[in-house]
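Peer 1: Have a look at the structure that comes next, please.
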Amino acid sequence: MLNDPTLIPELDVRAIDGWTLHEFAEVTSTNSLAAHLPAWSAVRAGVQTAGRGRTGRPWVSDEGGLWLSAVVPTPGDPARWSLLPLAAGWAVRKVARALGVTAARLRWPNDILVGRQKLAGVLVDRFSADAAVVGIGLNVANRPEATDLALAGLVTRLADLLPDPPAPAALLVRLLTALTMEHHRLETGDVAGLCRDLNGAWLHRHVHVTLAGGRGAINGHLEGIDPFGSLLLRNPVGEVHVLPPHLIELLREIF
Ligand code: BTN
């Protein structure tokens, strides 16, 4: 049973390619709702009143964007699933590119950018050991900067990039299909394939990394990620730091 204090009645429940999709006009956060659902469930809302971004930031989720959460099973060795946030970002990048946004790129770990502007973001929550919630926020025809002036110039939308962006219903089918494929790749143990794809695609590699817990910061060259999802960062004297995601508070690209 879905449990949300501000829940507006559900608009629709339907089956899509192996997924059960629950649609709402408005929720607090689709990730929070999805936490109560079994694997292969998905939740989409027209608006989120308390959308969540990575590192505890709010995520502006106004009308016209795609706010989607998908529950995927994560059986067996947890190490295999440490790359799930990266795999989910790769899935969104693939969809954006297939739509014609050929400049869509990833910024570690899973921001989808065009140039220096953010098109989409991914938040993976682990509410239990055997499943994860993959939350995807995609700016389509919404106006995030109208809600938060500080976002002006920092965000972009499919409507700015494509003459005729697909409707949310078509977009979510593409996203769920791409996510299923990337999930399958991890489930079958093809971590090397994912690392190869990702490491061939990082575009701006001169980065500034702020370490978590006040451990300082490192400027360096992003060498890539390793099969455990750690970031490999070469500092100016040539040493390579292996940084698991939980040790990284923020990565900024230096232009
Ligand atoms: C980020 O880049 O900070 C991640 C943003 C993730 C936003 C999505 S929108 C759907 C899902 N529900 C949430 O509350 N957050 C994610």
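Peer 1: Identify all residues within the stretch 186-198 that are of a type outside the set (D, E) and open to solvent by 40 Å² or more (accessible area, probe 1.4 Å); write none if there are none. It would help to see each step written out before you state the result.
Peer 2: As a first pass, look at the stretch 186-198 and keep what is of a type outside the set (D, E): 186, 188-189, 191-196, 198.
T188, G189, A192, R196, listed by residue number.
Peer 1: Something else about it: Of the residues that sit in the stretch 67-80 and are at pLDDT 95 or above and more than 16 Å from the ligand (Cβ to nearest atom), which one is farthest from H22 (Cα to Cα)?
Peer 2: Applying the filter and picking the extreme gives P75.
Peer 1: Then there is this: Quick one: how many residues across the stretch 129-148 are over 19 Å from the mean Cα position of the chain (by Cα) and not charged (D, E, K, R)?
Peer 2: 3
Peer 1: Oh, and also: Residues in the stretch 66-79: is at least one surrounded by fewer than 24 Cβ atoms within 10 Å (Cβ to Cβ), farther than 24 Å from A129 by Cβ and free of Cβ contacts under 8 Å to residues at least 24 places away in the same chain?
Peer 2: Taking every residue of the stretch 66-79 in turn, none turns out to be surrounded by fewer than 24 Cβ atoms within 10 Å (Cβ to Cβ), farther than 24 Å from A129 by Cβ and free of Cβ contacts under 8 Å to residues at least 24 places away in the same chain.
Peer 1: What tally of residues in the stretch 39-55 results from selecting those that are open to solvent by 20 Å² or more (accessible area, probe 1.4 Å) and either farther than 17 Å from V122 by Cα or within 14 Å of the chain's Cα centre (by Cα) (or both)?
Peer 2: Adding up the residues that qualify gives 6.
Peer 1: Does the stretch 59-70 contain any residue that is closer than 30 Å to A150 by Cα, β-branched (V, I, T) and in a helix (DSSP H, G or I)? Steps first, answer last, please.
Peer 2: Step one: filter the stretch 59-70 for residues closer than 30 Å to A150 by Cα, giving 59-70.
Filter once more, keeping what is β-branched (V, I, T): 60.
Keeping just the survivors that are in a helix (DSSP H, G or I) gives none.
For the stretch 59-70, residues closer than 30 Å to A150 by Cα, β-branched (V, I, T) and in a helix (DSSP H, G or I): absent.
Peer 1: Could you identify the single residue in V191, V155 that is over 22 Å from G64 (Cβ atoms) and β-branched (V, I, T)? If you could, list the steps in order and put the result at the bottom.
Peer 2: Working: V155 fails: over 22 Å from G64 (Cβ atoms).
Result of the check over V191, V155: V191.
For (1) closer than 21 Å to W59 by Cα; (2) open to solvent by less than 40 Å² (accessible area, probe 1.4 Å), each residue gets a yes or a no:
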residue	(1), (2)
G135	yes, yes
L138	yes, yes
N142	yes, yes
V155	yes, yes
L162	no, yes
P168	yes, no
L171	yes, yes
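Peer 1: Those residues that are in a helix (DSSP H, G or I) and touching a residue at least 24 places away in the same chain (Cβ under 8 Å), I need them from the stretch 110-148; list them, please. Before you say what the answer is, go through the steps one by one.
Peer 2: Of the stretch 110-148, the ones in a helix (DSSP H, G or I) are 144-147.
Selection gives P144, A146, T147.
Peer 1: For P9, indicate whether it is surrounded by fewer than 19 Cβ atoms within 10 Å (Cβ to Cβ) and under 13 Å from G137 (Cα atoms).
Peer 2: Numbers: surrounded by fewer than 19 Cβ atoms within 10 Å (Cβ to Cβ): yes; under 13 Å from G137 (Cα atoms): no.
It is false that P9 is surrounded by fewer than 19 Cβ atoms within 10 Å (Cβ to Cβ) and under 13 Å from G137 (Cα atoms).
Peer 1: Tell me, which helices (runs of 4 or more DSSP H) lie completely within the stretch 149-226 with 3 or more residues that are within 19 Å of the chain's Cα centre (by Cα) and in contact (Cβ under 8 Å) with a residue 12 or more places away in the chain?
Peer 2: Working: elements: 158-161, 168-187, 191-199.
Those helices (runs of 4 or more DSSP H) span 168-187, 191-199.
Peer 1: OK, next. Looking only at the stretch 20-38, how many residues end up being assigned to a loop (DSSP other than H, G, I, E, B) and crowded, with 17+ Cβ neighbours inside 10 Å?
Peer 2: 4
Peer 1: Since P5 meets every condition but one in (1) modelled with pLDDT of 95 or more; (2) more than 10 Å from the ligand (Cβ to nearest atom); (3) out of contact with any Asp or Glu (no Cβ under 7 Å at 6 or more places or on another chain), which condition does it not meet?
Peer 2: Result: P5 passes all but (1).
The values are calculated or read from the model by the stated rules, or taken from the named source; none is laboratory data. Small disclaimer: the values here were computed from a predicted structure and weren't measured. We place every Cβ from the backbone using ideal geometry, glycine too, and count neighbours over all the protein chains shown. SASA here: full protein model, heavy atoms, side chains in, ligands and nucleic acids out. Shrake-Rupley method; radii C 1.70, N 1.55, O 1.52, S 1.80 Å.
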